[in-house]
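Here is the structure we will look at.
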Amino acid sequence: TEASLTMSMSEHIADKCAACGKGGDGIKKCTACKMVSYCGVPCQKAHRPRHKKECKKRATELHEEALFKRPPPPEECPICFLPLPFSLDVMKY
């Protein structure tokens, strides 16, 4: 069922393994979603069926945030090398 596939709030705790609950040194976050942590590969593999759906969803969200994030404005004009105004309201062409 879908309810069993969704992650519980306890799985969002980054300092404990999502599969076995162990804490301490050596806990590593899921590299795709960065929401859950694991103490090792065996726990990560055991927990994967429950985590996969939510992981893909969050990984997509993170990718879209990075993809559509507005780049910082350049500090100077690439043509005349004069400092650009900081406010977008001040910029006139």
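The values are calculated or read from the model by the stated rules, or taken from the named source; none is laboratory data. In this text, all values refer to a predicted model and were calculated from it rather than measured experimentally. No Cβ is skipped: glycine too gets one built from the backbone with ideal geometry, and neighbour counts run over all protein chains shown. Accessible surface areas use protein heavy atoms only, side chains included; no ligands, DNA or RNA. Shrake-Rupley method; radii C 1.70, N 1.55, O 1.52, S 1.80 Å.
Data table
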{"read-out": "Whichever residue in the range 30-50 is of a type in the set (A, V, I, L, M) and open to solvent by 30 Å² or more (accessible area, probe 1.4 Å) and, among such residues, is nearest to Cys20 (Cα to Cα)", "value": "Ala46"}
{"read-out": "Yes/no for Lys53 being on the phi > 0 side of the Ramachandran plot, open to solvent by 70 Å² or more (accessible area, probe 1.4 Å) and touching a Leu at 6+ places or on another chain (Cβ under 8 Å)", "value": "no"}
{"read-out": "Output for the range 1-16, where each listed residue is within 16 Å of Ala46 (Cβ to Cβ) and either part of a loop (DSSP other than H, G, I, E, B) or modelled with pLDDT of 50 or more (or both)", "value": "Met7, Ser8, Lys16"}
{"read-out": "Qualifying positions in the range 17-33 - part of a loop (DSSP other than H, G, I, E, B) and at negative phi", "value": "Ala18, Ala19, Cys20, Lys22, Asp25, Ile27, Cys30, Thr31, Ala32, Cys33"}
